[in-house]
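This report refers to the structure that appears directly beneath it.
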Amino acid sequence: MGFDEAQGYVLLTTLALPLVVAATLLFVPGSQKMAVRYLSAINASLLLGLSIYVFLAYQAGGDPIQMELRWAWIENVGFLQENGISLHLGVDGISALMTLLTGIVAFAGTLVAWKLEYRTKDFFILMWILIAGVYGTFFALDLFFFFFFYELAVVPLYLLIGIWGSTRKEYGAMKLTLMLVGGSVGIWIGIFAVVHEAGLGTFDLPTLWAAGESGVFSPNFQKAIFPFFAIGCGVLAGLWPLHTWSPDGHMSAPTSVSMVHAGVLMKLGAFGIIRLGIQILPDGAEFWMPALLVLGTVGALYGAIAALTQRDFKLISGYSSVSHMGFVLIGLATLNEIGMTGAVLQMFSHGVMTALVFLLIGALYDQAHTRDLSDFGGIAKVMPLWVVAYVVAGLANVGLPGLSGFTAEFHIFVGAFRTYPIFGGLAILAAAIAAAYMLRMFGVVFFGPLKPRWRDLKDISPIEAIAASLLIVSMLAMGLWWAPFTDRLAPTILNLPGVTS
Amino acid sequence: MRDYTLFIPEYIAVGSAIAILAAELIWPRIRKDLLAYATAVGAVAWLIAALPYIGHTPGDFQGLLRTDDFTTYFRILAAAIVFVVALLSAQYMRERTSTAGEYYGLLLIGGIGMVLMSASSELLTAYISLELLSFSLYILVGFLKKDILSNEASLKYILLGAFSSAMLLYGISILYGLTGSTTYEGIAEGLAERGNDTDAAAIVGIMLIIAGVGFKVSAAPFHMWAPDAYEGAPLPITAFLSTASKAAGFALILRLFTGALIVDAVEWRAAMAALAAITMTAGNLIAIQQTNLKRLVAYSSIGQVGYMLVVIAAIGYGDAATAEDASAALLLHLVGYTVATLALFSALIAHYNRTGDDSIAGLRGLAETQPFLALVITASLFSFAGLPFFAGFATKFLMFQASTTDELLWLVGLAAANSFVSLYYYLMVMRQMYLFEPLAGLTRFRPSPLLGGLAGILLLGLVFIGVYPQPAFEAADGAVSALFEVSATGLVRTP
């Protein structure tokens, strides 16, 4: 067994661990809440370690796809031929970074869910199924399993939000689930078309990419099918105007679900656009990218402006997510190295930043039972740590140098100016509006006179502080020393078809 | 040659049926669940006797019936369905009837009808086999004779069933007039050689046959009987209706369309695609409004029939390889669908035995009162919707992919969109179970060990097929290749 294959088993472990834990939890009595929590915390720590390992072990100068592992699953039966469907795992630079993000956010999310009392066991079972789905989508190099894990990541959300959510939870849960699964119908149709057109009887992605390079997919076919992938994945990525599940879903979702969902799940959508859209159908991508650019820019501006007018913490973050995912789409649409690098960096940056924001909102809401900005005032006096963490997250949000947001957005702006200067300018405008809504929130909520009813608010608990510091460290790492990130991304992104340097 | 050894497994099944009828005649006060267990034992013997036929040289009974791997596949499926349904009926029927011998006897006979439908290679034999299954079902649906809904269901089913049989017979007679033969081979040859002046007759004959079998598998717009029959029938018979009669219908359709009518595919494929599109869309859209579980399952199964008809349309549009691959995937999907349906009904019957409530709202809070049953129901509904880890995901994915041809991408897309619609009403059921607290007075309960165990085994089967479909897919592939060794795909009509 070669070293690379041995590393493939690291991926397999990372993928299987949450599923094994979920299956084990089924047999733990629901009353044993501490056992459930400890098991989940151990699992989260292991996953964090494995994710960090995957990221570090990914060789910046090596092959684009590393740690490959292939288990034949179904082959040579019916229409399936050699390697028809195989559990083909592997990471490239993009998915290595996304793996790291998943590890970090899942760890923080688990810690935050520590205080959950209602049906704790069920919550963690669903959560780990969701996390397994996320890892699986990032690792999968087979269309069948890509879709398998993609659906696996989306469906538990219905129960997670419906059972443990707040404000209008049933509505939010149903809307979110239906919109996301509706999007996946587009992906499904795209898969049928691509696999049929290739006629190779295999779902293996590298095989299909190779077939695409040899010209199996005609330009017209690519132009016709790319929108299915782009819109299907775009729904999950918060593509305007299909973003409307995001504010409602986030408002209803419980804290740790919001963290994982906004932090990681929305990235699956952008990741899918790269994996399926750009990599399988490069000509289609080139043709449609201007449209994606326009939608991304509108989303960035619309999200920022909408956030400016909202009064609910979670709605602000929901719209701000739409805005930031708009930046990701702008970055992808540039189809040049620096812009796409920025897009992937932004996926990571927004992931940790938004996870932190939702963590803090949850910590406040659990005590205050309101999320209306105007109810608050001067809480820096009673919750200093909370305010410090929120300010860090907020500054990362507006792109202050030294934090991850700056690194990511800077790359995107440079990339956008190289290809579409006007849209680069509009993107910067959106970032400026972000500064406005963040600073407004700081002023209204954190400073000024303390309202007497909030005198008894407690600062964040030690467990939450651990989770928050992990997220802050990640933001600082990317903001101050981004070479480890960009070095890993560059070869992968340059290797994508149709990407200019 | 009359080779009477071809049907040894069915002799066992008939023998069990007669023995069970006799047992109740001799001991009228026998405990009715003992009859259920006897049926189950008979079904197991039937299944075991069918095993040696796997990979056996195909047998032919006077050109009327063929026993090949395709027949064997449905034999095993039929025996397994009868086994599960018999066990599902044990408590349910004991509490509701005083005589059950006919019930279990007809269950076995209906299963034999299913096998003969899959074996028929001649139209009249196919028709008689179809009626054997249908007549068993007419009685079984109305078996709760003191229940007015059951009576209504049976009557509607008989009337509409007779109507559809008439159409089928009319279609058969037109085809006979056209080709001078009722065997599939003869029809294929006759259709290949017919001149262009007989187009109209061919189209009318084939359309009538499609309408006739469409009735039997409850394809829209011929589905009107299904919701009423499902609602009125005893619950285990609802399970039998939605598994055995569907599987049997598709067995017949597959052999008929690949063996005979494929020669004239140009005449019917567009109609078949339209039938598939209408069936899946109508089934799923109407299912949304249902408040009764049995009716919900009825419409959801109509939607499923629509997905399966996509394969038949693909047989018409694709080349021989596509036809074979799509048929293999259909057989795989049938197994996944059967396991999911039986799992769903084992949980529903366990719930019904306790509460006597078959409305969707009656499932309120089941996750609190009986989390295991809630899990089984969720798993089977998710399997219908095609969500990962459960059979439906893999089998539906493979089936749609195998049916994708250049002309049918729209239909496959529509099927994918319909899966999404179906998720909505499945989620509405889940919502009752997981999001709401149970009604006052309902406390935690345990399902009977038999039903609980059965549900558990079927759940494992559901996950097994979903996670590792290779063995089932290989079996389906082998079964279908038997079909295509004698198929008429080589014959093409030259207009």
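The values are calculated or read from the model by the stated rules, or taken from the named source; none is laboratory data. Note that this is a predicted model, so its numbers are computed, not measured. All Cβ positions, glycine included, derive from the backbone under ideal geometry; neighbour counts span all protein chains shown.
Screening B:Ala391, B:Ala340 for residues that are within 14 Å of chain A (Cβ to nearest Cβ) and under 17 Å from B:Tyr426 (Cα atoms) leaves exactly one candidate, B:Ala391. Kindly indicate whether any position in the stretch A:248-255 is in contact (Cβ under 8 Å) with a residue 24 or more places away in the chain, closer than 17 Å to A:Phe147 by Cβ and not β-branched (Val, Ile, Thr). Looking for residues that are in contact (Cβ under 8 Å) with a residue 24 or more places away in the chain, closer than 17 Å to A:Phe147 by Cβ and not β-branched (Val, Ile, Thr), one finds none in the stretch A:248-255, hence no.
Quick check on B:Leu285: is it over 24 Å from B:Ala328 (Cβ atoms), surrounded by fewer than 24 Cβ atoms within 10 Å (Cβ to Cβ) and in contact with a helix residue (DSSP H, G or I) (Cβ under 9 Å, 6 or more places away or on another chain)? When the stated conditions are applied, B:Leu285 passes them.
If you go through the stretch B:88-114 and keep only what is part of a helix (DSSP H, G or I), of a type in the set (A, V, I, L, M) and more than 19 Å from the chain's Cα centre (by Cα), you end up with B:Ala90, B:Met93.
In the stretch A:444-497, the residue that is farthest from A:Val382 (Cα to Cα) out of those that are in contact with a Leu (Cβ under 8 Å, 6 or more places away or on another chain) and not in a helix (DSSP H, G or I) is A:Trp482. The residue of the stretch B:429-448 that is surrounded by the fewest Cβ atoms within 10 Å (Cβ to Cβ), among those that are more than 9 Å from chain A (Cβ to nearest Cβ) and within 21 Å of B:Ala287 (Cβ to Cβ), is B:Phe436. For A:Lys121, are the conditions met, namely being touching a residue at least 24 places away in the same chain (Cβ under 8 Å), of a type in the set (Lys, Arg) and more than 9 Å from chain B (Cβ to nearest Cβ)? The answer is yes for A:Lys121.
Matching residues to (1) within 30 Å of A:Leu159 (Cα to Cα); (2) among the small types (Gly, Ala, Ser); (3) at pLDDT 90 or above:
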| site | (1), (2), (3) |
| --- | --- |
| A:Phe229 | yes, no, yes |
| A:Val235 | yes, no, yes |
| A:Trp240 | yes, no, no |
| A:Gly263 | yes, yes, no |
| A:Gly269 | yes, yes, yes |
| A:Gly272 | yes, yes, yes |
| A:Leu276 | yes, no, yes |
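Evaluate the stretch A:359-367: report whether one residue or more is out of contact with any helix residue (DSSP H, G or I) (no Cβ under 6 Å at 6 or more places or on another chain), charged (D, E, K, R) and more than 25 Å from A:Ile94 (Cα to Cα). If you could, list the steps in order and put the result at the bottom.
Keep residues of the stretch A:359-367 that are out of contact with any helix residue (DSSP H, G or I) (no Cβ under 6 Å at 6 or more places or on another chain), which gives A:364-367.
Still in the running and charged (D, E, K, R): A:366.
Next cut, more than 25 Å from A:Ile94 (Cα to Cα) only: A:366.
Yes.
Pairing residues of the stretch A:363-388 that are buried (at least 21 other Cβ atoms within 10 Å of the Cβ) and among the small types (Gly, Ala, Ser) with residues that are at pLDDT 80 or above and not in a helix (DSSP H, G or I), at Cβ distances under 6 Å and at least 6 apart in sequence or on separate chains, gives A:Ala363/A:Ile460. Looking at this structure, is B:Thr355 modelled with pLDDT of 90 or more and farther than 12 Å from B:Met399 by Cα? Against the criterion (modelled with pLDDT of 90 or more and farther than 12 Å from B:Met399 by Cα), B:Thr355 does not qualify. Among the residues here, B:Ile76 does not qualify as in contact with a helix residue (DSSP H, G or I) (Cβ under 8 Å, 6 or more places away or on another chain), modelled with pLDDT under 90 and hydrophobic (A, V, I, L, M, F, W, C).
Please pick out the residue among B:Ala126, B:Ala162, B:Ala119, B:Ala153 that is without any contact (Cβ under 8 Å) to a residue 40 or more places away in the chain and of a type outside the set (Lys, Arg). Every option except B:Ala162 fails the conditions. A:Leu101 satisfies every condition listed in (1) touching a Gly at 6+ places or on another chain (Cβ under 7 Å); (2) at pLDDT below 90 except (2). Counting only helices (runs of 4 or more DSSP H) that sit wholly inside the stretch A:133-227, those with at least 3 residues that are at the interface with another protein chain (Cβ under 9 Å from one of its Cβ atoms) and more than 18 Å from B:Phe397 (Cα to Cα) are A:156-164, A:169-198. Every test in (1) more than 30 Å from A:Leu360 (Cβ to Cβ); (2) touching a helix residue (DSSP H, G or I) at 6+ places or on another chain (Cβ under 9 Å) is passed by A:Ser214 save one, and that test is (2). Residue count for the stretch B:182-216 under the criterion of being in a helix (DSSP H, G or I) and either closer than 28 Å to B:Ser301 by Cα or β-branched (Val, Ile, Thr) (or both): the result is 16. Set side by side, the residues A:Gly61, A:Gly93 differ, and just one is touching a residue at least 60 places away in the same chain (Cβ under 8 Å), of a type outside the set (A, V, I, L, M, F, W, C) and touching a Ser or Thr at 6+ places or on another chain (Cβ under 8 Å), which is A:Gly93.
With respect to the numbered conditions (1) aliphatic (A, V, I, L, M); (2) buried (at least 19 other Cβ atoms within 10 Å of the Cβ); (3) within 30 Å of B:Glu185 (Cβ to Cβ), which one is the sole condition not fulfilled by B:Leu124? Condition (2) is where B:Leu124 drops out.
Residues in the stretch B:399-418 that are at the interface with chain A (Cβ under 7 Å from one of its Cβ atoms) and either in a helix (DSSP H, G or I) or over 25 Å from A:Phe217 (Cα atoms) (or both): B:Phe400, B:Gln401, B:Ala402, B:Leu409, B:Val412, B:Gly413, B:Ala416, B:Ala417. Answer with yes or no whether A:Trp128 is more than 10 Å from chain B (Cβ to nearest Cβ), part of a helix (DSSP H, G or I) and touching a Lys or Arg at 6+ places or on another chain (Cβ under 8 Å). No, not satisfied. Inside the stretch B:58-68, can you point out the residues that are farther than 17 Å from B:Ala260 by Cα and surrounded by fewer than 22 Cβ atoms within 10 Å (Cβ to Cβ)? Matches in the stretch B:58-68: B:Pro58, B:Gly59, B:Phe61, B:Gln62.
State which residue is farthest from the chain's Cα centre (by Cα) when the search covers only the stretch A:400-428 and only residues that are crowded, with 24+ Cβ neighbours inside 10 Å and closer than 14 Å to A:Ser323 by Cβ. Applying the filter and picking the extreme gives A:Ala427.
Please find, among A:Ile472, A:Ile460, A:Ile493, A:Ile433, the residue that is within 28 Å of A:Leu301 (Cα to Cα) and over 22 Å from the mean Cα position of the chain (by Cα).
Details: A:Ile472 fails: over 22 Å from the mean Cα position of the chain (by Cα); A:Ile460 fails: within 28 Å of A:Leu301 (Cα to Cα); A:Ile493 fails: over 22 Å from the mean Cα position of the chain (by Cα).
The conditions single out A:Ile433.
Scan the stretch B:37-57 and give yes if some residue there is buried (at least 17 other Cβ atoms within 10 Å of the Cβ) and outside any helix (DSSP H, G or I), otherwise no. Taking every residue of the stretch B:37-57 in turn, none turns out to be buried (at least 17 other Cβ atoms within 10 Å of the Cβ) and outside any helix (DSSP H, G or I).
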